[in-house]
Amino acid sequence: MDFRLTDELLEVQALAARVFSSLGDSDTKWTELGRTGLLGLALPDEHGGAGLGLDAACVLLEEQGRTVSAAPVWPHIVAASVLARHAGDVLTGVADGAVRLTVALEEYGSATATAPTCRATLAENGSGSGTWRLSGIKAAVPTPEGVDFVLVSAVADDGPGLYLVTNHDLAWEPAPTTDLDRAQDLVLESTPALRVGGGQALTEVVRWSRLAVAALQVGVADGALRLAADYVRDRRQFGRSIGSFQSVQHQLADCWTDVDAMRLTLWQALTCDSDENDADRAALVAAWWCGQAGLDVVHRVQHVHGGIGVDTDYPVHRHFLWGKQLAATFGGPEAVLQELGELLGSER
């Protein structure tokens, strides 16, 4: 199977690299991402996007991870993609970032992303219709500050689904994360919401979120490996470059193999998603590989850097923190492996 990027995706890659590397953590980055059309890559043409789908979004996210450039891109793109399929009339201003979205899919305790415990109740108004009300706590919602809408997973009497909540007078509580993202817990107390879709919509948003996080992790691991390669080439000990030591070479060779496998499983999953063939299974495989191997890579890179690896004046510590946080998203590799096992068992 040929996973080489098309000419369009190569242009996306070059533009994303230029924006993330030139702007860093500048306050103008979000505006520039919207102005260049990068935030609307996955959206269909009729919603102001480029119509390039999730493939282009993952190319963008890999470049973001490579530069560890903080911006709430993945939750915005995933939420917009789901809304485009299930509730396109609410997408005005989303493609250029004027209206910002995020997702609230994780919870504390034993709840999983695909089986939330947050409750959705239909409060009837006597005319045969009613307003959905949400109650519960959603954990570590990514960068909710300044968002206009939150896409929330919840369970109703007829099963799990997705609901859209306006970020107006919502109750937020700080939720410190390893990567220093300004995540917060969302406390819902009979909060009014619009129902976006049922179980199928929830399955899609969780699958696409896993692929988006995996793409970020590929970039984080690849960026960390590049820093390590430069470091061991220039750092000298005992009169020679430490990159000439066999033990160091073996560690970085393992990193290279891991990054290559991460990228391979990610693009296999993207292909399955577009073909709607074993999409959930392939996404779980990619999520496990990118979570576990990504974690292994940032640990090895930290190790070969020695003490300078934890110096906050040196950039590699950011790759380590991002890698740790991304690996733990949606329960971490162990939880993903358990879910994959259950899926395979159900298919027998």
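Using just the alpha carbons, could you tell me how many Å³ per residue the convex hull of the range 67-134 encloses?
Values: hull volume 10.1 nm³, N = 68.
In the range 67-134, the Cα convex hull volume per residue is 149 Å³.
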- Message: What translational diffusion coefficient, to the nearest whole µm²/s, does the range 101-197 have by Stokes-Einstein, given a Kirkwood radius computed over alpha-carbon pairs, a temperature of 25 °C and 0.890 mPa s viscosity?
- Response: 181 µm²/s
- What residue among Q249, Q64, Q184 shows peak mean-square fluctuation when the chain is described by a Gaussian network model with Cα springs under 10 Å? Q249
- The long-range amide H neighbours of G197, using H built 1.01 Å from N in the peptide plane and a cut-off of under 5 Å, are L162
- What is the pair-distance distribution P(r) of the range 196-348, computed from all Cα-Cα distances in 10 Å bins starting at 0, with each bin given as a whole percent? 11, 37, 28, 15, 7, 1, 0
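Kindly state, as a whole number, the per residue volume in cubic angstrom of the convex hull around the alpha carbon atoms of the range 230-294.
Numbers: hull volume 4.8 nm³, N = 65.
In the range 230-294, the Cα hull volume divided by residue count equals 74 Å³.
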- Could you work out which residue, out of T271, T257, T203, moves most in a Gaussian network model of the chain, that is, has the largest mean-square fluctuation with Cα springs under 10 Å? T257
- Enter the Cα centre distance for the pair the range 259-287 and the range 35-86, rounded to the nearest angstrom. 18 Å
- Task: From the C-alpha gyration tensor of the range 1-80, pull out the three semi-axes of the equivalent ellipsoid (sqrt of 5λ each), sorted largest to smallest, in whole Å.
- Result: 19, 16, 11
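What Kirkwood hydrodynamic radius do you get for the range 121-257 when you take the inverse of the mean 1/r over all pairs of distinct Cα atoms, in Å? All intermediate terms of the calculation are to be shown ahead of the outcome.
Values: mean 1/r = 0.0534 Å⁻¹.
When all Cα pairs of the range 121-257 are included, the Kirkwood radius is 18.7 Å.
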- Query: Do you know the relative contact order of the range 181-275, to the nearest whole percent, from alpha carbon pairs under 8 angstrom that are 6+ apart?
  - Reply: 26 percent
- Per-residue ³J(HN,Hα) for the range 30-35, Karplus 6.51 cos²θ - 1.76 cosθ + 1.60, θ = phi - 60°, Hz, x for Gly and Pro: 4, 4, 5, 4, x, 5
- Residue of L164, L151, L180 that the Gaussian network model of the chain assigns the largest fluctuation, springs spanning Cα pairs under 10 Å: L180
- Residue by residue through the range 341-348, which ³J(HN,Hα) values in whole Hz follow from phi under the Karplus form 6.51 cos²θ - 1.76 cosθ + 1.60 (θ = phi - 60°), with glycine and proline marked x? x, 5, 5, 5, x, 6, 8, 6
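Quick one: plug the Kirkwood hydrodynamic radius of the chain (C-alpha pairs) into Stokes-Einstein at 4 °C, 1.567 mPa s, and report D in µm²/s.
62 µm²/s
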- Note on the structure: The distance between the Cα centres of the range 302-319 and the range 214-242, in whole Å, is 10 Å
- Helix-only CD estimate at 222 nm, as mean residue ellipticity for the chain, using -39500 (n - 2.57) per DSSP H run (n ≥ 4): -17000 deg cm²/dmol
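Summarise the long-distance tail of P(r) for the range 49-98 by giving the % of C-alpha pairs beyond 12 Å.
Numbers: 808 of 1225 pairs.
That fraction is 66 percent.
No value in this document is a laboratory result; all are computed from the given coordinates. Quick caveat: nothing in here was measured; it's all calculated off a predicted structure.
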